[in-house]
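The values are calculated or read from the model by the stated rules, or taken from the named source; none is laboratory data. What you see is a predicted model, and the numbers here were worked out from it, not measured in a lab. Backbone-built Cβ (ideal geometry, glycine too); neighbour counts: all protein chains shown. Accessible surface areas use protein heavy atoms only, side chains included; no ligands, DNA or RNA. Shrake-Rupley method; radii C 1.70, N 1.55, O 1.52, S 1.80 Å.
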Amino acid sequence: MQQSSPIQLTEKLQEPAGLKRVIGVSGLALTIVNFVIGSAIFVLPGIVGVQLGGYAVFGYLFGGLMIISIMLCYAETGSKIVASGGTYAYVKAAFGEFPAYVVNWLFIIAVSILSDAAIISLFCDSLGVLFPLFTNFWIRTLLLLVSIGFMAAINVVGAKQSVAFIKTVTVIKLIPLIGIIIFGFSHVKAGAFHFEHLPRLNTFGSVMLVLFFAFPGFESALSTSGEIKNAHRAVPRAIILSGIFIVSFYLLLQFVTQGVLGNEMEAAKNAPLAAVAEKIIGPAGEKILLITAAVSCFGSVFADILNGPRLLFAGAKDNLFPKFLARTHTKFATPFPAIIVYASLVFIIAIGGGFQQLAILATAAILLIYLAVVLATIKLRYRKIDVVEKTFRMPGGMIFPGIAIVSICILLLNLKSMEIISAIIFVAIVSIIYYISKQVKKSSRLRAEELNMIAESELINNL
């Protein structure tokens, strides 16, 4: 089978793949915010505050610059490639089938399914603190089944309904956090910020690695590109709006948390926002934050069950995954087999628990994925692509892609050897699977052609 060229692929990727374009700028922006501001925000201020002290703001500024540079690359490429698959579609348009196949597997397994299983487990654990009944294995399993089943059902009904639900969950999640920022300002103490000792370079580097992974998630929202209205304009606008909001939100939350807790940050580092809420409104604040954390986890996984299956769908459309995953619902026009398979895998893995190792793979995986998209952006910028509408082009020429590449390489160098080895092994296994599947398909095609020739020969002889 002849592999399509990247230019041909780019033309194909303008098609909506039979899905309905129902997601607007606000829906996409809120989905991105929901993805990024997840469970990590409830512990992040403590980690950063303890390690960097008063210099924490500079950590967020550096982290924000890195992620905004990457987001701008996504915005530029996402305005050109508007089909379902997001990251997968971008890499495929620039480099072809094999790199996209590897990136798709990295995304689906390392970044999506395993992390979703961990987050939905955290959701159960959060409810278990409030209601000990959910600590029972069978009750917990039933909770997982009902929760994930509900998510899958809403997503099968339609992307429009799913985005409406995500908007609601995002607002519910953000209200208590915004409340901490607004009401916490009056409790901020100037003496809570310490600038006596400049953090060591290795300390700053390790914190930046943690900080960086509080920002990813926006790329998952772009997996629904085939269902976004006026994607050429909506994608860059949603990315830029959400990026500005997220960086500002993190900075304000860190400022208030550190200003309120001060020297108590070390003692409250495992649940700093709950400690701040308790100081502002009393003991009820801790329970409110636990509920908010549970809602945040639920919303993150729900959004991923909207977006993750589109990667399976896009891969199946290109004959890289089983063909049945490319089917869409006759009534709702959603990739229901992909949604069911994805949700089932999350459920099965979540039952087992023990997801400490997924972070080892996900850390290196997301960096490799980002690097692939930044390089794809550079390549597509200098290639003529026929699109109907005017596309977004980030300002500054190569400044932001350059910042993104340097940042990613620095963070890759800060990874532990086990994280790098895990990523290499994973990529090697996926590569082997790819070439084996290609050979099997080639053999099947040749066998089918041979059988057709035999049948035609027998027909001629019979005549």
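Per residue, how much accessible surface does the stretch 19-415 expose to a 1.4 Å probe? Answer in Å², no decimals. Working shown, then result.
Details: 15290 Å² over 397 residues.
Ligands and nucleic acids excluded, the result is 39 Å² per residue.
In the stretch 19-415, carbon and sulfur make up what percent of the accessible area (probe 1.4 Å)?
Numbers: 10670 of 15290 Å².
It is 70 percent, rounded to a whole number.
Please report, in debye to the nearest 20, how large the charge dipole of the stretch 19-415 is about its Cα centre when each Lys and Arg carries +1 at its beta carbon and each Asp and Glu carries -1 there.
Working: 27 positive and 15 negative charges, 262 e Å.
Dipole about the Cα centre, nearest 20: 1260 debye.
Provide the convex hull volume over Cα atoms per residue for the stretch 19-415, in Å³.
With only Cα atoms used, the stretch 19-415 gives 133 Å³ per residue.
What is the calculated FRET efficiency for F62 to E450, with r their C-beta to C-beta distance and R₀ = 41 Å, to the nearest 0.05?
Computed FRET efficiency for F62 and E450 comes out at 0.10.
Which lysines, on any chain, are close to K269 with Cα under 21 Å apart, when same-chain ones fewer than 8 places away are left out?
K173, K189, K279, K287
With the crude spin-label approximation of a point 7 Å out along Cα→Cβ, what separation in nm comes out for K441 versus K379?
Placing both labels 7 Å along Cα→Cβ, they lie 1.8 nm apart.
For I244 and K323 in one chain, what is 0.36 nm times their gap in residues minus the Cα-Cα distance, to one decimal in nm? Walk me through the numbers before you get to the answer.
Values: separation 79, 0.36 × 79 = 28.44 nm, distance 3.96 nm.
That pair, I244 and K323, stretches by 24.5 nm at full extension.
To the nearest whole percent, what portion of all C-alpha pairs in the stretch 35-79 is separated by more than 13 angstrom? Walk me through the numbers on the way to the answer.
Numbers: 642 of 990 pairs.
Tail of the P(r) past 13 Å holds 65 percent of the pairs.
Length gain on complete extension for the stretch I291 to A164, per 0.36 nm per residue less the alpha carbon to alpha carbon distance?
43.7 nm
Would you mind checking which residues have amide H under 5 Å from I23's amide H? H placed 1.01 Å from N; only 5 or more apart, or other chain.
I228, K229
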